[in-house]
1. Restricting to region 319-344, count the residues that are surrounded by fewer than 16 Cβ atoms within 10 Å (Cβ to Cβ) and over 20 Å from residue 420 (Cβ atoms).
2. Would you confirm whether or not region 256-270 contains a residue that is crowded, with 24+ Cβ neighbours inside 10 Å and within 17 Å of the chain's Cα centre (by Cα)?
3. Say whether the condition of being out of contact with any helix residue (DSSP H, G or I) (no Cβ under 6 Å at 6 or more places or on another chain) and within 28 Å of residue 435 (Cα to Cα) is met by at least one residue in region 374-382.
4. If residue 341 satisfies all but one of (1) closer than 28 Å to residue 220 by Cβ; (2) outside any loop (DSSP other than H, G, I, E, B); (3) under 18 Å from the mean Cα position of the chain (by Cα), what's the number of the condition it fails?
5. I'd like to know if region 430-444 contains one or more residues that are in a strand (DSSP E or B) and either touching a helix residue (DSSP H, G or I) at 6+ places or on another chain (Cβ under 7 Å) or at pLDDT 95 or above (or both).
6. Within region 351-370, identify whether any single residue is surrounded by fewer than 18 Cβ atoms within 10 Å (Cβ to Cβ), within 21 Å of the chain's Cα centre (by Cα) and within 30 Å of residue 114 (Cβ to Cβ), and answer yes or no.
7. Being crowded, with 24+ Cβ neighbours inside 10 Å and more than 20 Å from the chain's Cα centre (by Cα) is the requirement here; does residue 207 meet it?
8. Among what's in region 388-414 and is surrounded by fewer than 24 Cβ atoms within 10 Å (Cβ to Cβ), out of contact with any strand residue (DSSP E or B) (no Cβ under 7 Å at 6 or more places or on another chain) and at pLDDT 95 or above, pick the residue that is nearest to residue 327 (Cα to Cα).
């Protein structure tokens, strides 16, 4: 694709990177075949190629974003299926990130949209605030019929997750210091085969604390020392994808500083993530901070160490416990895992080796419609994608659904009664941990 950025514009490192990305595009349109929103609307501007043209025109002319550009870029899930499909290696993720930052700086949204985005940016990255929001959502649920659609979606999340919580209401990884002698975390370094830091996360500890607990149990059972670095929390992805650059970088810097202290103190073999959307973000820290003299090296170090939990588990010799009952599992490959991190078959292989019957999901490359805050900001498109995903999952008639991302778990759970759990919960069960709560009632269990 030919570009016409001025030399002055190209002096901006972000513009120079976007110029290189745009020049890699050859207009082939292969990306449209796997774009979820294009499949729904058939509108060229709702596909990657159309959005690339919109971003190019806006960034090249350095003009304020207009309503059309905002509408179609807002509709993008950032599922990155287009990057998996693209034969030319176009880094759509970095281009759309740049475009969203430009929109955030130059476009004044309607009042209700601004308030919703500020609310999400304030509440979601903080586990404590999110718990309060969930409690408030439950309290006002009787009045849901008179509330806006976006608010009703949050109420539904609160209702569904409350009915599927594990008996423990708080995870011990929420507030633990890496140096604290927690029986759940401590493992003598002299006997450990690896030392890893676990990202505690923000939304996940509030919705499904048992995921991190299962991770810690499984890793410790196999000789891995797990620490939660003091000061870590949200990775910054939620606000990053809203185009809010400063708060995203602030959250990321806090994590980078915390892990850098752990690296200097006892060393780390990996930084593990149980929410694949966060994992994609961590693996991109090196790019995000490439021009930050104070953080470029530390951020790159974090990206090199960042691993999805299944990547670490794959390097262990899993020890099977007692034989499992026959359980068929439909594996939903989260977009941030299969497209963002190129990890599609690994989690399925681990499940099969652990004794589960893994079912391949039709249209497995198509997003479920979660995409971080997307399900709250674009409820109509999100619901249509969820319904499409649930139809494909239920057609398999599995005993359970497994996936590696809290957003997908929450999204899909709103559309089906089939138990849905994190992959690591099943692997923990297979190696001696408790059966996941939502699988206890499976027909074959």
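1. 6
2. Checked region 256-270: no residue is crowded, with 24+ Cβ neighbours inside 10 Å and within 17 Å of the chain's Cα centre (by Cα).
3. Looking through region 374-382, none of the residues is out of contact with any helix residue (DSSP H, G or I) (no Cβ under 6 Å at 6 or more places or on another chain) and within 28 Å of residue 435 (Cα to Cα).
4. Every condition holds for residue 341 apart from (2).
5. no
6. Checked against the condition, which is being surrounded by fewer than 18 Cβ atoms within 10 Å (Cβ to Cβ), within 21 Å of the chain's Cα centre (by Cα) and within 30 Å of residue 114 (Cβ to Cβ), region 351-370 yields no hits at all.
7. No; evaluated as a whole, the condition is false for this residue.
8. Ranking the candidates gives 397 first.
The values are calculated or read from the model by the stated rules, or taken from the named source; none is laboratory data. These numbers come from a predicted model, not from an experiment. Virtual Cβ from ideal backbone geometry, glycine too; neighbours counted across all protein chains shown.
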